[in-house]
Structures are given as C-alpha cells and as structure tokens.
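Undergrad: Attaching a single structure in structure tokens format; questions to follow.
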Amino acid sequence: MPGPGLTESQTSERLPPRGEADPTRLLVVAMVLAAGFLLWETRGQTMLFDEWSFFADYRGHSPSILLNPFGDNLEIVPILIYKTVFALFGPASIALRLITVALNLTCAGLFYVLMRRRVGGWIAFAAASLLMVLGAAADVVGASLGIAIMTAVACGLGALIALERGDQRGDRIACLLLIGALASNSIGLPFAVGAAVLVVFSGPRPRAGRWWVAGAPLLLYGIWRLWSLHLDPLGPLAAHPTDITLANIGTLPTSIADSLADAVLSITGLYTQPGIAARTFSTDFGPPLAVAVVAALVLRIRRGPALDRRVLAYAAMPLAYWAAIALVASDRTPSVSRYQYGGAILLLLLSAELARDVRIAPRLQAAIVAALLISAAPNAYNIHASSELLRQNARMDRAEMAAIEIAGDRVPYDLLVEPIGGRFDRSTPALFSGGQLTPLSDALIAAGRYRSAVAAFGSPAYSESELDASPAEARAAADAELAAALGPHLVPVSGPLRDCHRRTSAGPGTIELPVPPGGVAIRVAAGGTATLSLRRFGDSYSIPAGTVAGGSALELRLPADGSSRAWGAQLAYSGRVEVCAP
Amino acid sequence: MSRTAEKGRGWPGPIPLLGLLIVGAAALTFWETRGQSLYADEVTIFSSYRGWDPGVLLRPDGGHLILTTLLVYKTLWQIFGAESYLPLRILHVVLASISAGLFYQLARTRIGDYPALAPTALVVLFGSAGEIVATPFGSLAYGSVIFGLAALLALERGGRRGDVIACICLIGALASYSISIAFLVGAAVLVYLRGPAMRRRSAWVIAAPVLLYAAYRIYALHYGGHGETNISLDNVGNLPSAMLTELAAAAAALSGLFRVPGQQGVSFDISWGYPIGVALVGLVAFRLRDRAPVSPRLWALLATLLAFWGLIALNLGPLRAPDASRYVYIAGLLMLLVLIELLAEARLARLELAGIAVLLAGSILANVVALHETAPQYRTAGRILRGDLAGVEIAGRNADPNLPILELPDEPVVRDLQIPVHDYLAAAADLGSPAYSPDELAAAPETPRAAADAQMIRLLGLHTAAESALPPPPATPPVATEAVRGGTVTVRAGCVVLEPTGPGANLVLRLPPGGVSLRVAPGASASVALRRFADAFAAPLAPVAGGTSAVVAIPRDRVARPWEASITADQKVEACPVPA
C-alpha cells in the first residue's frame, strides 16, 4: 500500500484548457532562433579538453580503445561520433558545432514533451527555451564539449518518455536508450536509477517482469566498470580515477545541498555578478533560494493533492546525480559549469512532477513563464561571455598546435601541447575552476599523438599564414611552444668565429638582429655580460636563450623546421660583445 | 504520534537500542581520543589549582566558576595520577553518554521511544562541536549540560522532590560553567508557567541558585582579573549579528551542511546556516502565532537558547568566536529539542518522515566524519604539549621558576594559561607528570621533540655570550664533530677548527656537558643553532660577530642526552669545550 501522500501512478496528462493556444509552434521558432544564436556564438571555437583526447589519444577501433574510460565515464557513443566526424570532415569543420546544436535542440524537444505532460504547454515552452540557452552550463550548450553530456541526456529523456508509454515496445526502447545514455556519459546513471525506480514503484504490473528495462543497462554498465579497471588511461586528460574518500562521504549533505542551490541559481539566472561583464557563477543567493525551494516542497507535500508514486523516480534522479558528483568529484565543486545542465533538467522535471496534479492559477503560470524567460537573458549572456573566452582559447590552442606542426619531427613525442598551468603566461583568463577565472590549459595531449592524429584526420591548427595574421598573444604562445619543442639554447662554440661585429657599451645596451640559418655566436669580453632572447612569430622577444658570461663565447644553432620564417634575436649586454657567424 | 503504533513486532526494546547506540558512540569517541593529552584549560587546572582549599576551588577560570569540574579532575588525579590521560578520556565518554541519555529522556516524551533514538544519535556523535565531542577537554562543558538538562527534567516531573532535585542541579550547573545561567533562565520560565500559586511556592527553586551565584560573583571580585567577564559596549552593539552567527553555526552543524565540497580535512563553513536558521526562526514564529497552546517546555527551551546566545554574544573576544565549536554543542542540542517540540505537534506524512530521516542520516554522517577529522588535531596538539612540558621538566630547577611554561602572547584571554614553571613542577611532583619522559620524548614525532628543544632553550636562557678572553679548554670531554659541509675540520687539543672552502660552511658538533666556546675569525658573523631531541635545529641564537669570541654555556640537568650545535660561517671558527 502506498503511504499517506503517495498514490498509484496515473496516466494523467495535463491538457490545455479549451481555447488555449498550443505553444509547440512557438517552440519551433525558439529552436530556430536558439540554433542561430548558438551557431553564431560558437564561431571561431575549436575543440576543448576531452575532445582533444578523443582526437589524439582514442586512436583505433579496438574495444580497449572505444571502451576505455574517459575520466571514469564510458563514452563510446560520443567517441564514435567524434571518430566519424574526424574521418568524414576533419577536426576543423563546422560539423561538431552542428551536432552540438542538434543535440541541444533534441534535448530541449524531449524535455518539452515531459514537462508539457506535467505542467502544461506554456511552462514547458518557457523551460525548454531556457534550457536551449542555459548559459550556466555554457561548457555544455555553448561548446562542442557538451556532445557527450547532451547525447546521454537525450537518451535519458527519451527513455523516460518511452517508459511513459507503459507498453512492451516502450520498455524495449527505454532499455536501448538507457544503454545509449550510460554509454555516452555517467550522467546517464541518474536516468537509469530513475527508470529503475519508475519500474519498481509505478507503471503497469507485473513490475517484477520488467526488471530488465533498467536492470540490463545497469548490469552492463557494472560489468564494463569492473572490466575497465584493468585498463590504463589513454592520456592525461582521460585519467581521473574515482576517488571516494571519507571526506567526500562526510561532505555528501553539503555537496548535495550545494548542487541543489546551483541548479536553482542556473534556472533563475541569479548567479551573475552585477558590474562584472564576464562569465561568472556566483553562489551567494544559492543557499537561501534552495531553502525556499525545500520550504515550497514541504508546503506541496502538506497542502497539495496526493503525490503520484512517479515522484519517487523524479526525486531519485537529481539525488543520484548530485550524490555521484559529491562522491567522485573530489577536485571539482558542484558549481562547475558542466554539472549545471543535468542539475537544471532534473530539478525542473522533479518540480514539474510535483506540480502534476496541482491547479496552477493563470497568473501564477504567467509569472512562472515570465521568470523562466527572463532567466534566459542572463543565461544567454553567459554563453556570449563564455564563447568569447573559448574563442580566445581556441586562438591560443591553434597557434600552439601550429608551432608543434612547424617543429615537426624535432618535437619530443611526449611533450604536452599544453601542460597543466599552461606554458605561456597569457593575459587571457579562462574558466572551469569553481567559478574562478584561472589560466586554461585544455590540450593536455602528447605532441607525438597530436601529430599522428593530424596525419590521419587533418589539422585543427593555424596554417602559417593564419598564424602570421593571428593576434599577438596567439603568436607569442606559438613562440613559447616552439621554444618548448626545440629548446633553443646557447652552447660553447664549436669552431672558429667569423664575420664578427663588435659592440661596446659602458652601461646596458641592446641589439636586435635576425638569426641566420647557420646560427649566431656571441663573444663577451671580460667584465661584460650578454643575455640572448628570441622570437619568431611573436612581437616580443619572449624566449630566453641564455646568458654569456664575461670572457667567454657561446653559440646558438637553430635546427631547420617546417617554416622558412627567420628567428629574431635580442641581445641585452654590457661591456664589449661580438656577434659572429659560428 | 502513537507510541504503541511505532513499536514494531520483534524489535528490541528502545532501551537496549539506546544502550547500543551510546556504547557504540562512546567506543568510537574513546578510540578517536587516543593519543590525546591535557589541552588548554586542563593544564591550568592541573598546575594552578593545587590543594583543596576553598579559595582554590572557587577561583574562576576564564571568568567561570568550575567547582564541579575541579572536584572531578582533582579526584581523578589524586586516585590515578596525572601520568595517564586515560581516566579523563573515560570521564569524557561517560559524561557524553549521560548528556545523551538525558537528551533522549527529554526527546522520547515528545516523539516516542524509537524516533527519539535518531536525534540522540546526532547528539552523541556531534562532531561539528569538536571542542566538546572530540576531546576530553569538552568535559568542562558537559557538567553544565548534564545539570541543566536534569534540572529541566526534574522541573517537568514536578512535586517537592522534583523541585529539590532541580534546585540542586541548577546549583550544580552554575558551579560547572557560567553559561549555565541560560539553563537557569529556562528553569525560571518553567516555574513561571506553573501559574501564580505554584509559581510563588516554587520560587525558591530559582531563587536559591540565583542568590548563591550572585554571592559567589561578589566573592569572586577579590580574585581580580580571574573573575572578570568580557562584557563590553562593543559586544552589546554586536549582539544581533553575533546571535545570528551563533544561530547560523548551530543550524549548519545540525543540518550537516557545514563542510566545503572539494576540500579535504576539517572544515566548518556556516553559509548554509543563515538561511536554514532564518527558516527555523520562521517556523518557530509560525508556531507561536498559532492559536494552539504552546508547551511550557518550548517556551523554556526558547528562553534557554536565547539566553545562551545572548551570554555568548556579550562575552565574545579573542578565542571566543560566535561560531566556536564548543558553543555549537549546547546551542545545537537546545535547537534540536526545540525542533522536536515543533515536530511532536505536527502530523507528518510518511514522505515527510522519510525526508527528516534522510536529513538526519546525512547530518550524522557529516558529523561523524567531522569527529574523525577533528580528533587528530587534538592528538597533535596533545603531543606538542607533552613535548613542551617535557622541556619544562628537563629544564627543571635550572629554569627561572617564574617564567611561564608556555610562550603565549600577553593577552587577557590567555592569562589563566600563563602558568609559572614552579607551579607546574610542583603539581607534577604532587600528582605525577603528564609530560613525555625523556625516553618517550626521544621516540616521539619530530614536532614535540622540536617543541621540547625550543622550551629548553627558552627556559634555560641558552644564548651566545660574548667573551673577550676564553678560558683554556678542559682536558675532557672534547667537542665531537657530527657533520661538516663546505669546509675541512681539524681537531686540536679537544677543540675543533672549521676551515671553510667557500661561503656558508657548516659544522655540526656534539657538545660536552658544559657547553662550547667559539672563536670566529674576522669577517662576517657566524650563526649558531642548537638541538637536543629534534632532527631540526631550533631558531638560531644571536650570531657571533667576526673577530670575536662567545660561549654557549649549558647547565647540567637530569638527562644525559647531549646538545648539538650547528655553526655556519664563511671563515675559520674554532670550537672548544668549556668546563661544566
């Protein structure tokens, strides 16, 4: 028997009042507008984080590659999507952006269907519209990085819709979609948990005979999890071992509460910071808003009509999701952008389920619709602000990769294209660190693997002419990358010096000179000193090559590489120096 | 809620379950407090409250009358000695268990025998109140809570016997910790709500402890600074903010929402406490506005809680922050009792009960982890203190007896911890030593060993004393070289001569009993640092200027372990033994 406050599941659907307009067509218009907005905002971006690993590290089609965990996630479906795109269109095409937008619209459409059945068309329309431009989750909706998460969410939402059919065909579709969700990203887990609770507590009987709907996907996932334990991660980006510590367990309540607060902030758009024209995620209003949501929940339980048992499934989903974040993500806070997408969807679905049989007065409905649509404004702005940062990051990535390609065979195979913390002290702040703007180093891939992937799929990097035309910061990043790849430095002279030009300065002096293909030698008279700095594509001499002490001579030899562009040198000296050909 | 309905078939009775819970929690707490030692005020009680004279027993500690605590501690030390912390660890878990038992008794009368076990579990494992729950130091506050809760129970029991017990308990509470004034306020509300006739007849229950305590406060004035409170105009002005912070701290602790995601180790963030605390205040206000009569206990608990927060707020100062974990225990316990009063009157659906159970389980989880993470901090502090005290004992009579045993800032808040060496040594001679023995110290971790070295250097006043004419070195024993870096060493007539091969040459010497004389060749100053038990050298002594001589004289003590000196210099240094 259900307890007080819970009823057996009904197949009720909130029908629009007679004469009320159907907002579905309006949603299609919103989708078209959102698609245009997102395609425009994502211009100039390139791949990010996980995608670089899919490009360079997940090479081949063997099961140990396709099923290799990425940061504890099974991501075979997105990996296959990326492999197909790379094979057909290369890594620099618009295809990934189009897929991102298509997945975004698919999720919004499926979400609309689920919401509409519970709270009616207009609130569903507003919520789905907000979801399409959910800037709190800019990493997901405003970058192709979101392909994995949105694939899993689309499958999960589809599974929930299929389960609501209440027939065998629906069960079979749901089972397949849950497998797809779990094979796309771990965000599929809460959908599988929700489906399991739905099957156990509601839906047509006999329930025991339907265990496989969620049981089979979860079982397969469990088998994969155990099997994958013996696999080594494919590159540093993929390595994120599960780290369930006692501290994480103790932090479970706070982390779940924070996740709830962050989801409320994402939905309301109250995470922006007045006066700051940049991507932000301020959590100041989160706790009071979350307490208000819990108070509303208590009121709903106490004052509203009896709840459908399905509410248990819709409550289990966000709880499972947030608990998983709390337990596994020891190095990430719940306010990380990528967690907001799932958090907002699952909280909105739970809210809708709670409101299923509640009579929503027209004025309240109008207020909810208005609030959701107003929230779309700060969220869309956050996509805009985030996209600008990602474009800047893309310019840096493409310049650095151009440098790797120019360096060619001379670059050490294991050199990371962008080591943690970055190689170049850039002025561009980045994102993804608990709301703090910190330098972004997303391309943690070995240069050798990168070059191999370029040979197979084509290059995402700037061509040399594009690099020449790129902003100064990107060119300086390319120089830093070349320095790391080629390691230009002064060595003792190996033979007699010729064509020497003498300079003398009592105080500090500076010489700028092109470095000829054969290199350059510097001799400093006793009592003096000279420090050599280099540049190639950059405006400033940002690469230190070494110092020549008084009474000694050193030479710089630069290896030939894929570019004919000459290196430039700057010599800061005191005393008497001679610049010669070695 | 029907109490019969809640009894499941085949369930063990609530008392065995309560026993299991309390014993389990006591075992966990006892385990977590392993390796701890005297902490903060306990050192004061040990050293400064010697003898059984009333003048000693009534002397305030940090402004508090701590008579009952003194009696218990002194009795335990008298019987078992102070060498082992075990009796105090046992006392701690016993007091925690009694406190939880009394809480359970209050809770079960409202929500039933079985449901009352859940909040009791939170009280007995309330790790966010680490200063009370995670260290025997918390015993200082348990007396107040135990007597206070017992007084409330006795007053609710009523009758002549109940009143007498309540009166005694209130006196006991006030004699344990000044914060018990809050329980006195709560008890006064209970007596007041008995109605005019009963109120007059029971007034003595409150009047007696009030008069006794007032008399004591007047008497305590003669102790001077020890009897002072922290009440100030600043604290009066900050009262609302401080009370809101205290509310937030208790709400965060009770909800379990005090940890910081992504942060390993101890954390206590009260951001969540503000909205939760405000929501709870709203809930109470909503209940008080309701036409249904409010139970006397709810009024009494609210009065106690407000008085408690008010007293804390008025006495804030350095080391007395409004969200200090020792205040969280009492406030959390009282808030939990208020919530129980509110919930007992509400008809809750199963879903709501399930929700409350989940929240409570989450809070217990967070608090248990907090207990586990906090206790080692006291273990570390205890080890360092034992090292400090070992340093005091080794320095012994060679130390200036009036120097404080711990080097603390000269501020009123730590005045009671400024214990002279002679007081500590006398207490250790009477009751036994809580310090490491020299052998234990040698086997202890580096931190306490370094603490002992620093203490000995400070208390013995070891320094580089400039000497224009060094005495001739005695025949034995010579200075022994332990290590040399950046130079060469030659030995001449018991002396060691360091000849640097470059700047910053370093020589480590094992010193003879009397110490060492240093003759530094002209040039830069040479630095000298000492160690005895630690691996690392303590902070350097005053440097010896180039071209001068100095002596580091070391008095003889009861430990044979030699001192070692690290000498760093750019030029030649000659080190010779000096007579003991």
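The values are calculated or read from the model by the stated rules, or taken from the named source; none is laboratory data. Note that this is a predicted model, so its numbers are computed, not measured. Counting neighbours? That spans all protein chains shown, and the Cβs are built from the backbone with ideal geometry, glycine included.
Undergrad: Considering every residue within segment A:399-414, establish whether at least one is over 24 Å from A:Ser564 (Cα atoms) and modelled with pLDDT of 90 or more.
TA: Yes; the residues of segment A:399-414 include at least one that is over 24 Å from A:Ser564 (Cα atoms) and modelled with pLDDT of 90 or more.
Undergrad: Right, next: Filter segment B:272-288 for residues that are at the interface with chain A (Cβ under 9 Å from one of its Cβ atoms) and surrounded by 21 or more Cβ atoms within 10 Å (Cβ to Cβ); which is nearest to A:Trp322 (Cα to Cα)?
TA: In this case the residue turns out to be B:Trp272.
Residue-wise test of (1) farther than 20 Å from B:Asn398 by Cα; (2) at pLDDT 90 or above; (3) surrounded by 19 or more Cβ atoms within 10 Å (Cβ to Cβ).
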| residue | (1), (2), (3) |
| --- | --- |
| B:Leu507 | yes, yes, yes |
| B:Pro513 | no, no, no |
| B:Pro522 | yes, no, no |
| B:Val528 | yes, yes, yes |
| B:Ala539 | yes, no, no |
| B:Thr548 | yes, yes, no |
| B:Trp563 | no, yes, yes |
| B:Ser566 | yes, yes, yes |
| B:Ala580 | no, no, no |
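Undergrad: Of the residues B:Asn238, B:Asn230, only one is of a type outside the set (Val, Ile, Thr), under 25 Å from the mean Cα position of the chain (by Cα) and surrounded by fewer than 21 Cβ atoms within 10 Å (Cβ to Cβ); which?
TA: B:Asn230 is the lone residue from the list that is of a type outside the set (Val, Ile, Thr), under 25 Å from the mean Cα position of the chain (by Cα) and surrounded by fewer than 21 Cβ atoms within 10 Å (Cβ to Cβ).
Undergrad: I'd like to know if segment A:309-332 contains one or more residues that are of a type in the set (Lys, Arg) and closer than 19 Å to A:Arg116 by Cα.
TA: Looking through segment A:309-332, at least one residue is of a type in the set (Lys, Arg) and closer than 19 Å to A:Arg116 by Cα.
Undergrad: Report those strands (runs of 3 or more DSSP E) wholly inside segment B:436-525 carrying at least 2 residues which are without any contact (Cβ under 8 Å) to a residue 40 or more places away in the chain.
TA: Answer list for segment B:436-525: B:480-485, B:487-492.
Undergrad: Sticking with this structure for a sec: Between A:Arg391, A:Arg426, which is away from chain B (no Cβ under 14 Å) and at pLDDT 90 or above?
TA: None of the other options fit; the residue is A:Arg391.
Undergrad: Could you check, for segment B:358-377, whether at least one of its residues is at the interface with another protein chain (Cβ under 10 Å from one of its Cβ atoms), in a helix (DSSP H, G or I), among the β-branched types (Val, Ile, Thr) and under 21 Å from A:Ala296 (Cβ atoms)?
TA: yes
Undergrad: A further question on this structure: In segment B:550-561, which residues are crowded, with 21+ Cβ neighbours inside 10 Å and either within 19 Å of B:Ala483 (Cβ to Cβ) or not β-branched (Val, Ile, Thr) (or both)?
TA: B:Ala550, B:Val552
Undergrad: Which condition does B:Ile356 not pass, out of (1) over 17 Å from B:Leu254 (Cα atoms); (2) surrounded by fewer than 21 Cβ atoms within 10 Å (Cβ to Cβ); (3) without any contact (Cβ under 8 Å) to a residue 60 or more places away in the chain, if it passes all the others?
TA: (1)
Undergrad: Please work out if A:Ala278 is modelled with pLDDT of 95 or more and either surrounded by fewer than 17 Cβ atoms within 10 Å (Cβ to Cβ) or away from chain B (no Cβ under 14 Å) (or both).
TA: no
Undergrad: Which of the following residues is of a type outside the set (Lys, Arg), away from chain A (no Cβ under 14 Å) and either in contact (Cβ under 8 Å) with a residue 60 or more places away in the chain or out of contact with any helix residue (DSSP H, G or I) (no Cβ under 7 Å at 6 or more places or on another chain) (or both): B:Gly186, B:Gly262?
TA: It is B:Gly186.
Undergrad: Something else now. Select, from A:Arg309, A:Arg300, the only residue that is in contact with a Phe, Trp or Tyr (Cβ under 6 Å, 6 or more places away or on another chain), charged (D, E, K, R) and modelled with pLDDT of 85 or more.
TA: Step by step, each of A:Arg309, A:Arg300 is checked, and only A:Arg309 is in contact with a Phe, Trp or Tyr (Cβ under 6 Å, 6 or more places away or on another chain), charged (D, E, K, R) and modelled with pLDDT of 85 or more.
Undergrad: Then there is this: Output the residues belonging to segment A:50-70 that are surrounded by fewer than 20 Cβ atoms within 10 Å (Cβ to Cβ) and either within 17 Å of the chain's Cα centre (by Cα) or not small (Gly, Ala, Ser) (or both).
TA: Within segment A:50-70, A:Arg59, A:His61, A:Pro63, A:Ile65, A:Leu66, A:Leu67 meet the criteria.
Undergrad: Evaluate segment A:478-490: report whether one residue or more is surrounded by 14 or more Cβ atoms within 10 Å (Cβ to Cβ) and in a strand (DSSP E or B).
TA: yes
Undergrad: With respect to A:Arg309, determine if the residue is charged (D, E, K, R), facing chain B (nearest Cβ under 9 Å) and either in contact with a strand residue (DSSP E or B) (Cβ under 8 Å, 6 or more places away or on another chain) or surrounded by fewer than 19 Cβ atoms within 10 Å (Cβ to Cβ) (or both).
TA: When the stated conditions are applied, A:Arg309 does not pass them.
Undergrad: Separate question: Given (1) under 30 Å from A:Arg391 (Cβ atoms); (2) within 13 Å of chain B (Cβ to nearest Cβ); (3) not in a helix (DSSP H, G or I), where does A:Ser259 come up short, assuming only one miss?
TA: Evaluating A:Ser259 over (1) under 30 Å from A:Arg391 (Cβ atoms); (2) within 13 Å of chain B (Cβ to nearest Cβ); (3) not in a helix (DSSP H, G or I) leaves (3) as the failure.
Undergrad: Could you please find all residues in segment B:20-33 being in contact with a helix residue (DSSP H, G or I) (Cβ under 7 Å, 6 or more places away or on another chain) and not aromatic (Phe, Trp, Tyr)?
TA: B:Leu21, B:Ile22, B:Ala25, B:Ala26, B:Thr29, B:Glu32, B:Thr33
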